[in-house]
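Note sheet for the following structure.
Any read-out appearing in this document is the output of simple, stated calculations on the displayed coordinates, not a laboratory observation. In this text the structure is predicted, and so the values were computed from the model without any measurement. So basically every Cβ, Gly included, is an ideal-geometry build from the backbone, and we count neighbours across all protein chains shown.
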Amino acid sequence: MLPFDVILFDVGGVLLTNGWDHGERAAAAAKFGLDTQELEARNAKVYAAWERDEIDHNQYLDAAVFYEPRSFSRDEFFAFILAQSKLLEDGALEILKEIAGLNKYMVGALNNEARETNDFRFGKFELRQYFKVAFSSCYVGLRKPDPAIYRRALDILGSAPERTLFIDDRQENVDGAASAGMKAIRFTGAEGLRGEFEKLGVF
């Protein structure tokens, strides 16, 4: 008997770079001549709402960047945001491909991401061909590590928590999944994850 029925992957920090985290925002501030602290403060007020799909990217940009006239356009700035999405060095994309190719598990995503960037990342890196389900924050209106997002995923899947494996690079998200009864692994690199999968009998 296989050890799990479902394997859920985070995306940013596991498969791809974080598309719009502290480092990317600092780079944007440098490129566009913004005050980094002001950008961080304004981002903090609205980013969670964007990731829960309570506002769209235009509303996010209005609040975080375009609250005053700028010498650059909204399209230029958003294109920069999208360009920050890259394959993660030492990421788990090849492992995801292998797991999906086995056709033994329900493979999916459980990630925090705004709708526009999530759809872009899923499309650009062809993740939908590997994911059979996606519990992205923008689709379910909940964000990790809120316990409700893990319960929602389990309810929709109809999977027993102990038969559900979750991989994330952030300890608080791993802890949230574990508190819901899932088996959770903190991702630190492809070799380490492959070793964990082999120990668990996933392959």
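Brief remarks follow.
- Taking a point 7 Å from the Cα of residue 1 along the Cα-to-Cβ direction, the residues of the stretch 140-182 with backbone N closer than 18 Å to it are 158-165, 182.
- Computed from point charges on the beta carbon alone (+1 for Lys and Arg, -1 for Asp and Glu), the dipole magnitude for the chain about its Cα centre is near 440 Debye.
- Counting only alpha carbon atoms, the long axis of helix 190-200 and the longest principal axis of the chain meet at about 30°.
- Considering only beta bridges that DSSP places wholly inside the chain, some 5 percent are antiparallel.
- By the beta-carbon count within 10 Å of each Cβ, the least crowded to most crowded order of 22, 57, fewest first, is 22, 57.
- Of all aspartates and glutamates in the structure, those lying under 18 Å Cα to Cα from residue 183, and not within fewer than 8 positions of it along the same chain, are 5, 10, 146, 155, 162, 168, 169, 172, 175, 196, 198.
- Residue order, fewest to most beta carbons within 10 Å, for 179, 136, 73, 159: 73, 179, 159, 136
- Selected from 31, 183, 104 as most flexible by GNM, with the chain as the system and alpha-carbon contacts under 10 Å: 31
- Selection from 57, 30, 78, by position along the positive dipole direction of the stretch 22-83 (Cβ): 30
- Mean Cα-pair separation over length for the stretch 1-110, i.e. relative contact order, pairs under 8 Å, 6 or more apart, %: 52
- For the stretch 48-72 versus the stretch 159-187, the gap between their alpha-carbon centres in whole angstrom: 31
- Helix 147-157 axis, angle to the chain major axis (alpha carbon atoms, nearest 10°): 50
- Structure note, pairs 144/199; 86/199; 124/199; 97/132: Cα-Cα distances above 23 angstrom occur for 144/199; 86/199; 124/199.
- Other residues lying with their Cβ under 15 Å from the Cβ of residue 194 contribute a combined charge of -3, Lys and Arg counting +1, Asp and Glu -1.
- Formal net charge of residues neighbouring residue 56 (Cβ-Cβ distance under 14 Å; K, R +1; D, E -1): -4
- Its Cα centre serving as origin, the stretch 119-203 has a Cβ charge dipole (Lys and Arg +1, Asp and Glu -1) of approximately 200 debye.
- Approximating the spin labels as points 7 Å out from Cα along Cα→Cβ, the residue 83-to-residue 156 distance works out to 3.3 nm.
- Paramagnetic label reach from residue 129 (point 7 Å along Cα→Cβ; backbone nitrogen cut-off under 16 Å): within the stretch 73-113, residues 93-103.
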